[in-house]
1. Could you count how many residues in the range 52-68 are surrounded by fewer than 19 Cβ atoms within 10 Å (Cβ to Cβ) and either at positive phi or touching a Gly at 6+ places or on another chain (Cβ under 8 Å) (or both)?
2. If you go through the range 16-40 one residue at a time, how many are farther than 18 Å from residue 72 by Cβ, hydrophobic (A, V, I, L, M, F, W, C) and in contact with a Gly (Cβ under 7 Å, 6 or more places away or on another chain)?
3. Can you name every residue in the range 227-242 that is crowded, with 17+ Cβ neighbours inside 10 Å and not in a helix (DSSP H, G or I)?
4. Condition (residue is touching a residue at least 24 places away in the same chain (Cβ under 8 Å) and farther than 22 Å from residue 211 by Cα) applied to the range 19-29: is it met by at least one residue?
Amino acid sequence: MIDISGFGARIKAERERQGFGLEAVAEETKIRTLYLNALEEEDFAKLPPRVYATGFVRRYAWFLQMDPEDLVSEFQNLAYGSQVPDDVVLLIAEKPSREIKFPVFNLPIKNIIAGALFLIIVLWMGDYLVTYISGWSVTRPPAVNEPGPDQANDIEKPITDKLILDIEARERCWLQVQVDGKQQFSAIMAVGEKQSFEGRQSIVINAGNAGGIDLSLNKKKLAPLGNPGEVVEKKYDLSSIGKE
């Protein structure tokens, strides 16, 4: 039995349980696969400075729907222990009795200590700032509008000169769709979310959880792509109409 009690093994096991590859996670979270793999393998030497690495852990935890504060605390203990961040310098004076003399400036010791404390607070807040800013880059696809009453007749007519692929998520699933050779969709579909794509030549889908989505081609329900958690690629073209 594989031990998944450790920090890296636990997040790797959860990622694989949800059916996501490292490339899919990297595209959704905007974290390089090099850093995602370093976190899962606990190879912390490959990570960027502490403030960015901590932000990556928090963002990865949110993506996997795990407790971000619990993972951040465990990561910091493993990677840094109780050490003070490298870019913070603490100035300690033994029994100061007068102002510290500098070649150019004369600064009271209390001002120096206050400045060092301010830097520590700024770096501590940096974890949250990096995560907040990086969240702006993760966008969600627009919702698909349901057809109105005036479109009912068109839906009922058989369609043979184009492809209409309707997708509904029964489970959370990463999905990438190319229509006529151009990528139109790449995101995580939430439970109950629906998407529809129309093409003239071909539609290619890549699903990270093939058993978690329902498909209809030109209003005809299709068989499942695969099993839950299975990664499957499937291409549909005009010759697929009536055969699937």
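1. 1
2. 2
3. 229, 234, 236, 241
4. Our first condition is that a residue be touching a residue at least 24 places away in the same chain (Cβ under 8 Å); within the range 19-29, this holds for 19-21, 24-25, 27-29.
After this cut, where a residue has to be farther than 22 Å from residue 211 by Cα as well, the list is 29.
Yes; the residues of the range 19-29 include at least one that is touching a residue at least 24 places away in the same chain (Cβ under 8 Å) and farther than 22 Å from residue 211 by Cα.
Read-outs: derived from the displayed coordinates by stated rules, not from any lab. What you are looking at is a predicted structure, and each value in this text was computed from that prediction instead of being measured. Reconstructed Cβ throughout: ideal geometry from the backbone, glycine too, with neighbour counts over all protein chains shown.
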